[in-house]
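Visitor: Here you go, one structure.
The values are calculated or read from the model by the stated rules, or taken from the named source; none is laboratory data. Keep in mind it's a predicted model, so treat the numbers as computed, not measured. When we count neighbours, we look across all protein chains shown, and the Cβ atoms used for this are built from the backbone with ideal geometry, even at glycine. Only protein heavy atoms, including side chains, enter the accessible area calculation; ligands, DNA and RNA are left aside. Shrake-Rupley method; radii C 1.70, N 1.55, O 1.52, S 1.80 Å.
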Amino acid sequence: MDVYEVGGAVRDWLLGQAVKDRDWVVVGATPEQMLAAGYKQVGADFPVFLHPETREEYALARTERKSGHGYHGFEVHSAPDVTLEEDLKRRDLTVNAMARDAEGHLVDPFGGKQDLADRVLRHVSPAFAEDPLRILRTARFAARLAPMGFEVAEETMTLMRSMVVEGEVDHLVPERVWQETRRALHEARPRVFFEVLEACGALAVVMPEIASPLEVREGGLSALARAVAISDATEVRFGALSSKLEADTADAFSERLRVPNSCRDIAVSSAALPRWPRPLSADWVEKLIEKADAWRRPERFEQLLMVMEACGLDAQAAARVREARARAAAVDPRALMKEGYQGKALGDAIAARRQQAIEQVVEGEADDA
């Protein structure tokens, strides 16, 4: 049997980037031979094995045949007579359809190396149209490689548009859409992911809440671009993307994608937060802290504040809000109890001291101005 390194590891090697994950294809072997060699089978739909020492994935060469709609609508054939080229042909993009043998020689039957040089993301074959998930993957790779000048080939974009028109994208399940979206939010230029989906018409199908009107989409993408420089938290980036939606629409958007509760909470809370005045007022800051439940959930409040920064709150104002919350949170109920406050009077005293601390910080901003 012959073993080849394939996919992203080969692509990244040619691009001179650090290789994070390695995948391997085994040609000419049976599951029984893999098990006898100490590999552990983990694939349910097709034979994938873990190396006994490195724990890296080794998959038997296989072909796929369309048998239904969506990501799972395939029949997989794996046998010792499946060739490396047949295995590579079922892959999505030419830049991901290269292999390297044990001696380091490149196997490139579909021109992936040239497409890397030309900075083009191009589909391998018409079989690309059989799997709608490939639209999301292509958009995500575009977001990752955009800083290097990569763009989606026009013929691939045309093919993706036809897939949308033919309704193939309608069969994408929310969990897979979110999985690719979450990963895209952490690529080099996340907004490119959504721009590619918009260009081929898929955004209106899988994320209609942010697809239109234009000011909602562009406002969210602009906020997302700024959020990238502020935080690497998924919650902050998703909150920025959703920032131009109304609270109920942000909730529907989160439900559509089946996002984690932490992301949904930030998206809905961000949409419900009041617009900040210029200059800041102590009353507004106090209401913001209360509405955001900043006393009990300071980490969540910090994420909300970063979303606000992504939406245009200047750094100096954000720093004032942070300082105001910190000073107000430092009010010590035990000290007030020693002063004789208790019961309702204690609660009122805590609120008054917190308000006073907030006013001192915010009025300092007004003095600076």
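Visitor: Using 0.36 nm per residue of separation minus the Cα-Cα distance, give me the extension gain between residue 32 and residue 53 in nm, one decimal. Walk me through the numbers before you get to the answer.
Guide: Working: separation 21, 0.36 × 21 = 7.56 nm, distance 1.84 nm.
Taking residue 32 through residue 53 to full extension adds about 5.7 nm, to one decimal.
Visitor: Where only protein heavy atoms count, and the probe is 1.4 Å, what is the accessible area per residue for region 36-163 in Å²?
Guide: 46
Visitor: Taking region 92-187, which GluC sites (Glu not before Pro) meet the DSSP loop condition and have no more than 13 other C-beta atoms within 10 Å?
Guide: Of the GluC sites (Glu not before Pro), the ones in loops of region 92-187 whose Cβ has at most 13 other Cβ atoms within 10 Å are 103, 166.
Visitor: A follow-up question, please. Once you keep just the Cα pairs under 8 angstrom separated by 6 or more residues, what percentage relative contact order results for region 315-369?
Guide: Values: 31 pairs, mean separation 26.9, N = 55.
Averaging sequence separation for qualifying contacts and normalising by length gives 49 percent for region 315-369.
Visitor: Taking just the C-alpha trace of region 92-192, give me its Rg and Dmax in Å.
Guide: Final numbers for Rg and Dmax: 14.2, 45 Å.
Visitor: Hey, what angle do you get for helix 298-310 against the long axis of the chain, alpha-carbon based, 0 to 90 degrees rounded to 10?
Guide: The answer is roughly 80 degrees.
Visitor: Now, a different point. Would you be so kind as to identify which of 135, 3, 63 lies farthest towards the positive end of the dipole of region 1-151, taking Lys and Arg as +1 and Asp and Glu as -1 on Cβ and the Cα centre as origin?
Guide: 135
Visitor: Based on the alpha-carbon gyration tensor of region 18-136 and its eigenvalue square roots a ≥ b ≥ c, which shape applies: rounded if a/c is under 1.5, prolate if not and a/b is larger than b/c, or oblate?
Guide: On the way: a/c = 1.85, a/b = 1.23, b/c = 1.51.
Because a/c hits 1.5 or more and a/b fails to exceed b/c, region 18-136 counts as oblate.
Visitor: Compactness ratio of region 158-221: Cα Rg over 2.2 N^0.38 Å, N = residue count?
Guide: 1.08
Visitor: Want the number for residue 229 to residue 162: 0.36 nm per residue separation, take away the alpha-carbon distance, what's left?
Guide: The residue 229-residue 162 span can extend by a further 20.6 nm.
Visitor: Quick one: angle between helix 247-257 and the longest Cα principal axis of the chain, in degrees between 0 and 90, rounded to 10, please.
Guide: 20
Visitor: For residue 363, put the label point 7 Å out on the Cα→Cβ axis and report which residues of region 319-350 keep their amide N under 19 Å from it.
Guide: Under 19 Å, as judged by backbone N against the label point of residue 363, lie 320-331, 349-350 of region 319-350.
Visitor: If you don't mind, there's one more thing I want to ask. In the Gaussian network model of the chain, springs joining C-alpha atoms below 10 Å, which of 178, 13, 24 carries the largest mean-square fluctuation?
Guide: Among 178, 13, 24, the largest mean-square fluctuation in the Gaussian network model of the chain belongs to 13.
Visitor: Ok, one more. Once the Cα atoms of helix 154-165 and of the chain are each reduced to a long axis, what angle between those two axes, in degrees from 0 to 90 to the nearest 10, is obtained?
Guide: The two axes meet at around 70 degrees.
Visitor: Something else: Grab the DSSP H runs of the chain that are 4 residues or longer, score each as -39,500 (n - 2.57), total them, divide by all residues and round the 222 nm result to the nearest 500 deg cm²/dmol.
Guide: Computed mean residue ellipticity for the chain: -16000 deg cm²/dmol.
Visitor: Taking all protein chains in place and a 1.4 Å probe, what share, in percent, of the accessible surface of the chain do carbon and sulfur account for?
Guide: Values: 8340 of 17560 Å².
Result for the chain: 48 percent of the exposed heavy-atom area is carbon or sulfur.
Visitor: A follow-up question, please. Stretch residue 151-residue 248 to full length: gain in nm at 0.36 nm per residue minus the Cα-Cα span?
Guide: Gain on extension, residue 151 to residue 248, equals 31.4 nm.
Visitor: Next question. Before I look further, what does region 213-345 give for accessible area per residue, probe 1.4 Å, in whole square angstrom?
Guide: Each residue of region 213-345 exposes 49 Å² on average to a 1.4 Å probe.
Visitor: Using +1 on the beta carbon of Lys and Arg, -1 on that of Asp and Glu, and nothing else charged, what's the dipole of the chain about the Cα centre, debye to 20?
Guide: 980
Visitor: Right, here's the next one. Need one value: the accessible area of residue 293 in square angstrom, 1.4 angstrom probe, rounded to the nearest 10.
Guide: Ignoring ligands and nucleic acids, residue 293 comes out at about 30 Å².
Visitor: Here is a further query. I want to check the label-to-label distance for residue 20 and residue 335. Put each point 7 Å from Cα in the C-beta direction and report it in nm to one decimal.
Guide: Between residue 20 and residue 335, the label points sit 4.6 nm apart.
Visitor: Using a ≥ b ≥ c from the Cα gyration tensor of region 230-322 (square roots of the eigenvalues), is it rounded, prolate or oblate, where a/c under 1.5 gives rounded and otherwise the larger of a/b and b/c decides, a/b for prolate?
Guide: prolate
Visitor: Apply the Kirkwood formula to the chain: the hydrodynamic radius equals the inverse of the mean of 1/r over all pairs of different alpha-carbon atoms; give it in Å with one decimal.
Guide: 23.7
Visitor: So, one more: What nm value, rounded to one decimal, do you get for the distance between residue 272 and residue 326 when each label is placed 7 Å out toward the C-beta?
Guide: 2.8
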